[in-house]
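Single-structure report; data block below.
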Amino acid sequence: MNPKHTVLPLIAVMIWAGNTIVSKLADGAIDPAAISFYRWLLAGVLLALVFAKPVWRQRREVWPHLPKLFVLGMLGMVLYQCLAYVAAQTTSATNMGILASLMPLMAVGFSVALLGDKATVGGVFGGLLSLVGLIYLLSHGHPATLLSHGVASGDCLMLLASASYACYGVLLKYWAIPLKIWHSLSIQIWSAIPVLLVYYLSQSAPPITAAGLPLVLYAGIPASVIAPILWMHGVGKLGPARTTTLMNLLPVFTVMIAVLFLGESLHLYHIVGGGIALLGVVCAQTLKQPLRRGFVI
């Protein structure tokens, strides 16, 4: 892995970590429906300025894939982000970052369950390991309390959000829609915008507040446009597999920013539970042997 090619995708990961902090800052500053709608409207307009004409020129090629692009838009732009904004109202940015780190592991599970991929040693062992870490994290280091108090609603919503985005990634790879990445992304966003508008209007069209405007701008430009450009540059130079491993740093960056700028406390259960969960993700990414072959390397 050439160090100079890791810089841009690492910046992308830091931007996305910052977006988790934005989700937390949005609590009390702007309604979840407002930031969800205006964030993607802004990103959609910016992409349309560049890609509307080429997308329109190939509309005959696009048309057969519209149902799939709509599903992707619902998973990646509607469910994931809306759930994350609502989750931020009742959980910490630290927890959100750690829970989001489970997306690669969830993607492995969806690939086995939905696409018939073979189960691997890393997938099974890593899944069990991450489950242990997750239980320790969500129980604040006291697993028995989950039986009496349950899991915080924000943590549950963030898990659902992460599962939605993991499913998005699996379907994106499985369907392999024959469109350029930016054209596909633009259509996904514009498929999501009408649904987000309905959600926004159903909440009585809450306005963008002065405190919420910078959050919308960050989510709509750096997180939705700039970071994907940097990430795709990394994929082009390093390949998808190597670039994806950099996403393991997402919870690290998120926790660091949350502690430094939000004043969140870092507890031992964050380190132990989050570390075990992340180790499970790494196992799933590295131990690729089919399960029936055992642990032979």
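Where a number appears in this text, it was derived from the coordinates with a stated rule and is not lab data. Model, not experiment: these values are computed from the prediction. With ideal geometry, Cβ positions are generated from the backbone for all residues, glycine too; neighbour counts draw on all protein chains shown.
Which of the lysines could a cross-linker span from Lys173 if the Cα-Cα distance has to be under 28 Å and same-chain partners fewer than 8 positions apart are dropped?
Excluding near neighbours in sequence, the set is Lys4, Lys53, Lys68, Lys118, Lys237, Lys288.
Among all helices in the chain defined by DSSP H, which have a length of 15 Å or more along the axis from Cα atoms plus a Kyte-Doolittle mean of at least -1.0?
3-26, 32-57, 103-115, 121-138, 153-175, 181-202, 227-238, 250-261, 268-286
At Thr90 and Val50, where each label point lies 7 Å from the Cα along Cα→Cβ, what is the point-to-point distance in nanometres?
Placing both labels 7 Å along Cα→Cβ, they lie 3.9 nm apart.
For the chain, what is the calculated [θ] at 222 nm in deg cm²/dmol (nearest 500), taking -39500 (n - 2.57) for each run of four or more DSSP H residues and dividing by its residue count?
After summing the helix terms and dividing by residue count, I get -23500 deg cm²/dmol.
If you take the beta carbon distance between Lys237 and Thr286 as r and set R0 to 22 Å, what does 1/(1 + (r/R0)^6) give as a FRET efficiency, to the nearest 0.05?
0.55
State, as an integer percentage, the relative contact order of the range 131-290 based on alpha-carbon contacts under 8 Å between residues 6 or more apart.
50
Going 7 Å from the Cα of Arg60 in the Cα-to-Cβ direction, what parts of the range 160-203 have a backbone nitrogen less than 18 Å from that spot?
178-180
What is the extension gain from Phe261 to Leu128, computed as 0.36 nm multiplied by their sequence separation minus the C-alpha to C-alpha distance, in nm to one decimal?
44.6 nm
Calculate the spin-label point distance for Ala144 paired with Tyr269, positioning each point 7 Å from the Cα along the beta-carbon direction, and give it in nanometres.
1.4
Among Phe110, Phe261, which comes first, then next, by fewest other beta-carbon atoms within 10 Å?
Working: Phe110 19, Phe261 13.
Lowest to highest Cβ neighbour count: Phe261, Phe110.
Using just the alpha carbons, could you tell me how many Å³ per residue the convex hull of the range 128-200 encloses?
Per residue, the Cα convex hull of the range 128-200 comes to 134 Å³.
Going by C-beta contacts inside 10 Å, put Ser186, Ser202, Ser153 in order with the fewest on the left. Before the final figure, lay out each step's value.
Details: Ser186 23, Ser202 9, Ser153 13.
The most exposed by this proxy come first: Ser202, Ser153, Ser186.
Using 7 Å Cα-to-Cβ label points, what is the Ile135/Ile181 separation (nm, one decimal)?
Spacing of the two 7 Å Cα→Cβ label points: 3.9 nm.
I want to verify a result. In a Gaussian network model of the chain, Cα cutoff 10 Å, which of these has the top mean-square fluctuation: Pro222, Pro54, Pro206?
Pro54
Compute, for the range 31-177, the length of the dipole vector about the Cα centre, with Cβ point charges of +1 (Lys, Arg) and -1 (Asp, Glu) only. Units Debye, rounded to 20.
On the way: 8 positive and 4 negative charges, 137 e Å.
With Lys and Arg at +1 and Asp and Glu at -1, about 660 debye.
Could you please rank Glu264, Glu61, placing first whichever residue has the fewest other Cβ atoms within 10 Å of its Cβ?
Values: Glu264 18, Glu61 13.
Going from least to most buried by this count: Glu61, Glu264.
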